[in-house]
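Reading through the structure tokens given below for one structure.
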């Protein structure tokens with residue numbers, strides 16, 4: 001790809017389309033977020049949510065395979081997702097929340113206490129490690145309700161900072177997280193030479 005040397009913003013746009021920049025990491029202060037008036041119920045997850053968690057995780061992988069992310073990853077079978085999530089509720093490192101509408105799970109969020117000793121991990125922080133909403137429910141307030149629930153939980157648990165990350169080309173995530181007040185902290189760079 002050639003871009004005029006005088007047009008640095010074009011090179012920056014190319015770089016941010018995963019031709020150099022792969023992931024954004026970000027952080028924001030924990031603070032009380034008021035509940036959103038909605039028909040969505042956010043609650044703590046439990047082992048009975050295993051099937052829903054696996055399906056939501058798979059839906060995120062499917063989203064990342066499509067444009068503009070083009071992750072190139074092969075999507076594992078459903079049983080592999082179930083296996084990955086099976087011990088979530090027995091580990092003190094995780095807190096899982098689900099969003100329901102009319103009694104059906106339509107989204108979830110996973111909080112993770114990251115090990116300390118990494119300069120990227122602020123003191124007294126909790127990581128919003130995973131959040132997914134079913135495709136037909138996106139844009140209907142599910143993510144905002146889950147985020148508000150997770151933020152209230154983090155505040156009640158005494159965390160001072162919440163971190164998260166996303167693929168730079170995942171426009172839904174890029175827009176969603178920055179609108180929730182997350183500020184970039186680190187960029188993960190990648191270059192593939194076939």
Checklist entry - When residue 68 is evaluated against the numbered criteria (1) touching a helix residue (DSSP H, G or I) at 6+ places or on another chain (Cβ under 7 Å); (2) surrounded by 13 or more Cβ atoms within 10 Å (Cβ to Cβ); (3) closer than 18 Å to residue 165 by Cβ, which criterion, by number, is the only one it fails? => result (2)
Next on the checklist: If residue 120 satisfies all but one of (1) in contact with a strand residue (DSSP E or B) (Cβ under 6 Å, 6 or more places away or on another chain); (2) farther than 30 Å from residue 20 by Cβ, what's the number of the condition it fails?
Outcome noted: (2)
Item to check | Selection within region 114-153 - under 14 Å from residue 93 (Cβ atoms) and modelled with pLDDT of 95 or more | outcome: 125, 126, 127, 128, 129, 130
Next on the checklist: Filter region 77-88 down to the residues that are surrounded by 14 or more Cβ atoms within 10 Å (Cβ to Cβ) and either modelled with pLDDT under 90 or within 23 Å of residue 22 (Cβ to Cβ) (or both) and list them by number.
Outcome noted: 81
Checklist entry - What do you reckon, is residue 22 surrounded by 15 or more Cβ atoms within 10 Å (Cβ to Cβ), within 22 Å of residue 76 (Cβ to Cβ) and modelled with pLDDT under 80? => result yes
Item to check | Residue list for region 154-174, filter: touching a strand residue (DSSP E or B) at 6+ places or on another chain (Cβ under 9 Å) and within 17 Å of residue 93 (Cα to Cα) | outcome: 154, 157, 159, 160, 161, 162, 163, 164
Next on the checklist: Would you confirm, using the coordinates I've provided, whether residue 59 is in contact with a helix residue (DSSP H, G or I) (Cβ under 7 Å, 6 or more places away or on another chain) and at pLDDT below 85?
Outcome noted: no
Next on the checklist: Condition first: out of contact with any helix residue (DSSP H, G or I) (no Cβ under 7 Å at 6 or more places or on another chain), farther than 29 Å from residue 75 by Cα and surrounded by 12 or more Cβ atoms within 10 Å (Cβ to Cβ). Now tell me which residues in region 30-56 satisfy that.
Outcome noted: 41
Item to check | Residue selected from region 150-169 under the condition within 15 Å of residue 129 (Cβ to Cβ) and touching a helix residue (DSSP H, G or I) at 6+ places or on another chain (Cβ under 7 Å), by the criterion surrounded by the most Cβ atoms within 10 Å (Cβ to Cβ) | outcome: 162
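The values are calculated or read from the model by the stated rules, or taken from the named source; none is laboratory data. Keep in mind that this is a model prediction, so the values were computed, not measured. Every residue, glycine among them, receives a Cβ derived from its backbone with ideal geometry; neighbour counts consider all protein chains shown.
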